[in-house]
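The values are calculated or read from the model by the stated rules, or taken from the named source; none is laboratory data. For clarity, every value in this text was computed on a predicted model and none was experimentally measured. Neighbour counts run over all protein chains shown; Cβ positions are idealised from the backbone, glycine included. Quick note on the areas: whole protein, heavy atoms, side chains included, nothing else; ligands and nucleic acids left out. Shrake-Rupley method; radii C 1.70, N 1.55, O 1.52, S 1.80 Å.
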Amino acid sequence: MAYSDFTFAKLKAKFGIDQKSVHLFRQTIAEFVPTAHLLDEIADGIESPLYSEKAKSEALIYPVIRELKKRNKDISVFSGYTFNIDNQSDLTGAPDFMISAKPNIVEPQCPIFCMVESKNKAPDEGFAQCAAEMYAARLFNQQMGDPYETIYGAVTNAFDWVFLKLEGNTVYVDIDRYYLNQLPKLLGILQYIIDVAKK
């Protein structure tokens, strides 16, 4: 069973992981002003045929992640990397994107963020998959002796973004949604997650 086969019921039964809906970011989050280059890329992407996950990922999602990487030289971004943690626990598959808290690495170390592109129109369809990937990321950190216990994640259909946080035995799913047409706010949340890891 791959990450994409998990439901919250299976996560609860297998790993004791609960879920809870909350407002994840009640504090004031500083907005991150996008560059003109990113705005141009997004504008071009919206006008492109977006009939597949790959098209949406290349045209609208990766440019956002790349902007984040340009601002944070001390992280590494992995796209579609096979992240098999434990075949016996069914923690296998490839997160669409993963951010690690170390620069210039060729294999993941210190993962702090996992992202899933929802398969259809509703990000909700990817919550359990993202939660499974986040749990795997934390197990990986524990196995490697890295201190990152709190793992963030996001599910997006390229236009709507929903954030998640794994802390203790609970996955917190944000009640609030963020949108591609609110880029400064969306980028601000992503930057906040990286800043928390840096502390």
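Just a few scattered comments:
- Residues in the range 161-178 that are open to solvent by 50 Å² or more (accessible area, probe 1.4 Å) and in a strand (DSSP E or B) were compared, and the one that is farthest from Ile99 (Cα to Cα) is Tyr172.
- Enumeration of residues in the range 87-106 that are at positive phi and under 16 Å from the mean Cα position of the chain (by Cα): Gly93
- The set of residues in the range 16-31 that are in contact with a Leu (Cβ under 9 Å, 6 or more places away or on another chain) and surrounded by 15 or more Cβ atoms within 10 Å (Cβ to Cβ) comprises Ile17, Gln19, Leu24, Glu31.
- The set of residues from the range 147-165 being over 26 Å from Val33 (Cβ atoms) and without any contact (Cβ under 8 Å) to a residue 40 or more places away in the chain comprises Pro147, Glu149.
- Residue check for Ser57: buried (at least 17 other Cβ atoms within 10 Å of the Cβ), closer than 22 Å to Ser118 by Cβ and among the small types (Gly, Ala, Ser): yes
- Summed over the range 16-40, residues that are at pLDDT below 95 and either among the small types (Gly, Ala, Ser) or assigned to a helix (DSSP H, G or I) (or both) total 1.
- Filtering the range 1-15 to residues that are within 23 Å of Arg177 (Cα to Cα) and either surrounded by fewer than 12 Cβ atoms within 10 Å (Cβ to Cβ) or hydrophobic (A, V, I, L, M, F, W, C) (or both) leaves Phe6, Phe8.
- Test: residue in the range 141-160 that is surrounded by fewer than 21 Cβ atoms within 10 Å (Cβ to Cβ), among the hydroxyl-bearing types (Ser, Thr, Tyr), under 22 Å from Pro103 (Cβ atoms) and touching an Asp or Glu at 6+ places or on another chain (Cβ under 8 Å): yes
- Selection within the range 179-199 - touching a Ser or Thr at 6+ places or on another chain (Cβ under 9 Å) and closer than 17 Å to Leu38 by Cα: Leu180
- Subset of the range 85-116 [open to solvent by less than 10 Å² (accessible area, probe 1.4 Å) and either part of a strand (DSSP E or B) or over 19 Å from Ile75 (Cβ atoms) (or both)]: Leu91, Phe97, Met98, Ile99, Ser100, Pro111, Ile112, Phe113, Cys114, Met115, Val116
- Filtered residues of the range 32-45 (kept if open to solvent by 90 Å² or more (accessible area, probe 1.4 Å) and either in contact with a His (Cβ under 8 Å, 6 or more places away or on another chain) or in contact (Cβ under 8 Å) with a residue 60 or more places away in the chain (or both)): Val33
- Filtering the range 141-174 to residues that are of a type in the set (Val, Ile, Thr), farther than 13 Å from Gln129 by Cα and in contact with a Leu (Cβ under 8 Å, 6 or more places away or on another chain) leaves Thr150, Ile151.
- Residue in the range 124-131 that is modelled with pLDDT under 95 and acidic (Asp, Glu) present: yes
- Of the candidates Leu60, Leu68, the single residue that is under 18 Å from Tyr152 (Cβ atoms), assigned to a helix (DSSP H, G or I) and not charged (D, E, K, R) is Leu68.
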